[in-house]
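Colleague: Can you keep this structure in mind? I'll have questions shortly.
What follows draws every value from the coordinates through simple rules; no lab data is involved. All figures in this text were calculated on a predicted structure; none of them were measured in a lab. Counting neighbours? That spans all protein chains shown, and the Cβs are built from the backbone with ideal geometry, glycine included.
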């Protein structure tokens, strides 16, 4: 299945490499950043598409993995493309393609990607949606080649998933970063926390998080809660976060 | 080195098993919960101590792993014990032992323990502190048998570590739980988020969290931020957390 990749960011790169590894011939890569496009094209033995309307007409699958607010513009320039066209965004409705394409959908990988870290794509939940029976069958076939975890998820559910992912990934990562800030102020090494962070995530792979909640707030350990707040007295931002999250934990007791 | 374990909760259990595996003869186990004491004694081939003042006088190491606010009471009842006595709490000062013992310290394992999940103790950072040269040397020798990551950390630093651990473990776990709540309301399976949670923790094993922050807040993606807040309009608690953490992330841009 001859494929084009639009974009050269983290999602585009990981997806292109997973498709390449699954024997999908990547024919063309386009990116607003021509240099990144060249790097990705080289890695996937494909060629760079200079302009979107020059997309090879024999391409059967076109995957748009660009910033959310660029999807509509890119799709507009690909108007008339005859294959299956999909985007990879959690928060953008499938309707962005309506009217301009016959076969379209969404292939949303529910994972966080960084350029220099390999991800086992086989375990990445792929959430798919398409505009009709033929499209969804085709997209299922594509997704199954990439991952063992493919789910049909409609636009409303995908928005919810995207929101939940902010709570499950973006916010925890920020808290890791605040923890590092706290250690830094006292010349303590972030390495001390790394095993704890990994184990916290590992625990909820089987258990439900509410069942394994630990710490002073869930015990309503008033003394420790007060001591922690005293330590944060000079940092109003951290103090507010400490109080907001501790109150929320206490309510689950 | 003949050892006694005071406590039978998660820390006591994991530590006792790690000591047992490292060939420390566990001689006695005490717990306010006699049934749990019996289970732990059986698992470590030791016997149950019925009362604290009945501690075997030939014991060389006594580890107190009970709730923070019970440490002083327990220590008081062990007064006169001649070996090395330590507690395992992040937030309790070493002084809780002062005056009543000759050799004392703290052995704080910076990890989250659940009863039914094995932890590779060799990777657990063990933060140690003791009241003198002889005690710290002895405690070093004990800790090195258990973990490859032993650090001398004084009481002030330990308090900071304990606070940072709340940000790195307790708060993220609560956010996982809120993510599950969001999915639940829309009949979506928490399994969809598990690979994401694991990868988020895995990423910061090498990288610094601030360098791998993703999501709408760090991009200042105003549209998505507004859409997410609209989805949370009926849940003031979640909305407050969303806003507090998003604002904090935005400040790091």
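Colleague: Measuring from a point 7 Å out along Cα→Cβ, what nm distances, shortest first, does residue B:152 have to its partners in the other copies?
Modeller: Between copies, matching label points for residue B:152 lie 6.5 nm apart.
Colleague: Take the alpha carbon atoms of the range A:58-119, find their center, do the same for the range A:1-43, and report the distance between the two centers in whole angstrom.
Modeller: That distance is 13 Å.
Colleague: Tell me what the protein assembly as shown gives for mean residue ellipticity at 222 nm when only DSSP H runs of n ≥ 4 count, each as -39,500 (n - 2.57), the sum divided by the residue total, rounded to 500 deg cm²/dmol.
Modeller: It comes out at -13000 deg cm²/dmol, rounded to the nearest 500.
Colleague: Set the Förster distance to 22 Å, then compute FRET efficiency between residue A:122 and residue A:207 from the Cβ-Cβ distance, nearest 0.05.
Modeller: After rounding, the FRET efficiency stands at 0.40.
Colleague: Let me ask something additional. Rounded to whole Å and ordered largest first, report the semi-axes of the equivalent ellipsoid of the range A:99-152 derived from its Cα gyration tensor (root of 5λ). Spell out each step's value before the answer.
Modeller: Values: eigenvalues 110, 31, 13 Å².
Semi-axis lengths for the range A:99-152 are 23, 12, 8 Å.
Colleague: Expressed as a whole number of Å, what is the distance separating the alpha-carbon centroids of the range A:126-177 and the range B:184-215?
Modeller: 13
Colleague: Would you list the P(r) distribution for the range B:159-250, with all Cα-Cα distances sorted into 5 Å bins from 0 and each bin expressed as a whole %?
Modeller: Bins of 5 Å from zero give 3, 11, 17, 24, 25, 14, 5, 1, 0 percent of pairs.
Colleague: Among A:144, A:253, which comes first, second and so on when ranked by fewest other beta-carbon atoms within 10 Å? Walk me through the numbers before you get to the answer.
Modeller: Working: A:144 14, A:253 9.
Least to most surrounded, the residues fall as A:253, A:144.
Colleague: Spin-label point model (7 Å from Cα, Cβ direction): what's the residue B:243 to residue B:32 distance in nm?
Modeller: 4.0
Colleague: Moving on. Need one number: the % of Cα-Cα pairs in the protein assembly as shown sitting beyond the 44 Å mark.
Modeller: Details: 34254 of 127765 pairs.
Roughly 27 percent, rounded to a whole number.
Colleague: For A:176, B:113, which order do you get if you count the other beta carbons within 10 Å of each Cβ and list the fewest first?
Modeller: Working: A:176 31, B:113 21.
By the 10 Å Cβ count, ascending: B:113, A:176.
Colleague: Based on the Cβ-Cβ distance from residue B:234 to residue B:69, what FRET efficiency comes out when R0 is 30 Å, to the nearest 0.05? Write out the running numbers ahead of the final one.
Modeller: Details: r = 39 Å, r/R0 = 1.29.
With a Förster radius of 30 Å, E is 0.20.
Colleague: How much of the pair distance distribution for chain B lies past 29 Å, counting alpha-carbon pairs only, in percent?
Modeller: Beyond 29 Å sits 42 percent of the P(r) for chain B.
Colleague: Take every Cα pair under 8 Å in the range B:3-153 that's 6+ residues apart, average their separations, divide by the length, and report that relative contact order as a whole percent.
Modeller: Rounded, it is 19 percent for the range B:3-153.
Colleague: Compute the relative contact order of chain A as a whole-number percentage, counting only Cα pairs closer than 8 Å that sit 6 or more residues apart in sequence.
Modeller: With pairs under 8 Å counted, the relative contact order is 12 percent.
Colleague: For residue A:102 paired with residue B:98, estimate the spin-label separation in nm (one decimal), with each label point 7 Å from Cα along the Cα-to-Cβ line.
Modeller: Label at residue A:102, label at residue B:98, 8.3 nm between them.
Colleague: Shifting gears a bit: Once you order the gyration tensor axes a ≥ b ≥ c over the Cα atoms, which shape class does the range B:73-183 get: rounded for a/c under 1.5, otherwise prolate or oblate by comparing a/b with b/c?
Modeller: prolate
Colleague: What is the extension gain from residue B:140 to residue B:53, computed as 0.36 nm multiplied by their sequence separation minus the C-alpha to C-alpha distance, in nm to one decimal?
Modeller: Working it through step by step, the gained length comes to 28.6 nm.
Colleague: Let me ask something additional. Placing the label point 7 Å from Cα along the Cα-to-Cβ direction, what are the distances from residue A:22 to the equivalent spots in the other copies, shortest first, in nm to one decimal?
Modeller: 4.6
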